[in-house]
Ligand SMILES: Cc1cc2nc3c(=O)[nH]c(=O)nc-3n(C[C@H](O)[C@H](O)[C@H](O)COP(=O)(O)O)c2cc1C
């Protein structure tokens with residue numbers, strides 16, 4: 001597949017087979033992440049790969065965080081559903097921005113701009129990983145529902161910087177149709 005075909009074929013996958021993902025494939029995916037462009041070539045990404053028995057702990061921590069969210073009377077959104085998807089996936093990678101600060105802390109204007117640059121860079125790294133995963137026969141799900149257990153997961157990961165997202169990977173057990181997109185005419189303005 002050429003790049004455009006890969007971009008067109010990618011889907012969020014929410015049903016995974018339990019087959020493990022070979023280490024060399026994971027290395028290739030992570031390498032693709034590191035090849036993304038980044039502001040000032042800061043490469044503001046750190047990847048933490050969770051697989052094997054550690055997945056069970058991750059799911060328990062995620063559910064604890066969601067329970068805390070619910071106890072505070074807040075809507076857990078789609079996080080419980082997403083946790084079920086993460087539970088099936090053989091691998092989940094957490095993506096952190098080591099320059100970013102905790103979202104609850106006050107941000108200066110400079111910090112906000114730095115975050116804008118760094119989070120764009122991390123997004124590019126994530127998309128690279130998703131596309132290469134597809135080329136290697138894997139499905140993926142980009143996940144921000146981890147924010148419902150933000151503090152719990154960060155502390156479990158032993159980190160204090162900014163968690164940007166998680167991505168679950170595995171061999172797909174579904175082939176969803178393309179989800180709708182707004183046409184270019186609606187989202188682009190030519191001047
Ligand atoms: C930043 C970001 C966060 C997302 N978080 C979640 C999530 O927590 N749970 C989930 O099921 N899907 C999540 N998604 C997947 C989107 O729902 C999905 O990309 C969108 O519906 C379009 O579908 P497609 O990826 O198959 O084209 C996320 C996607 C992005 C880019």
Single match in 117, 132 (criterion: away from the ligand (no atom under 16 Å from the Cβ), closer than 15 Å to residue 36 by Cα, in contact with a helix residue (DSSP H, G or I) (Cβ under 7 Å, 6 or more places away or on another chain) and at pLDDT 95 or above):
117
Within the group 104, 156, which residue is within 22 Å of residue 67 (Cβ to Cβ), modelled with pLDDT under 95 and away from the ligand (no atom under 16 Å from the Cβ)?
104
Provide a single number: the residues in region 20-43 that are within 16 Å of the ligand (Cβ to nearest atom) and in a loop (DSSP other than H, G, I, E, B).
1
Scan of region 12-25 for residues that are in contact (Cβ under 8 Å) with a residue 12 or more places away in the chain and over 22 Å from residue 119 (Cα atoms), ordered by number:
13, 14, 15, 16, 17, 18, 19, 20, 21, 25
Working only within region 32-51, note down all residues that are within 13 Å of residue 136 (Cα to Cα) and surrounded by fewer than 17 Cβ atoms within 10 Å (Cβ to Cβ).
none
Against the conditions (1) in a loop (DSSP other than H, G, I, E, B); (2) within 24 Å of residue 160 (Cβ to Cβ), where does residue 69 fall short? Just the number, please.
(1)
Hey, residue 158 free of Cβ contacts under 8 Å to residues at least 12 places away in the same chain and either farther than 22 Å from residue 42 by Cα or out of contact with any strand residue (DSSP E or B) (no Cβ under 6 Å at 6 or more places or on another chain) (or both) or not
yes
Residues of region 72-101 being touching a residue at least 40 places away in the same chain (Cβ under 8 Å), assigned to a loop (DSSP other than H, G, I, E, B) and either in contact with a helix residue (DSSP H, G or I) (Cβ under 7 Å, 6 or more places away or on another chain) or farther than 21 Å from residue 50 by Cβ (or both), which ones?
76, 77, 78, 99, 100, 101
Just to be sure, is residue 60 over 17 Å from residue 169 (Cβ atoms) and either more than 16 Å from the ligand (Cβ to nearest atom) or touching a strand residue (DSSP E or B) at 6+ places or on another chain (Cβ under 9 Å) (or both)?
yes
Considering 129, 163, which residue is at negative phi, in a strand (DSSP E or B) and crowded, with 20+ Cβ neighbours inside 10 Å?
163
Given the criterion over 15 Å from the mean Cα position of the chain (by Cα) and closer than 13 Å to residue 145 by Cα, identify the matching residue among 74, 57, 53, 80.
80
Condition set away from the ligand (no atom under 12 Å from the Cβ) and within 16 Å of residue 141 (Cα to Cα), scope region 1-19, selection surrounded by the fewest Cβ atoms within 10 Å (Cβ to Cβ): answer is 18
Scan region 67-83 and give yes if some residue there is at pLDDT 95 or above, more than 16 Å from the ligand (Cβ to nearest atom) and closer than 26 Å to residue 134 by Cα, otherwise no.
no
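The values are calculated or read from the model by the stated rules, or taken from the named source; none is laboratory data. The model shown is predicted, which means the values in this text are computed figures rather than measured ones. Cβ atoms come from the backbone with ideal geometry, glycine included; neighbour counts cover every protein chain shown.
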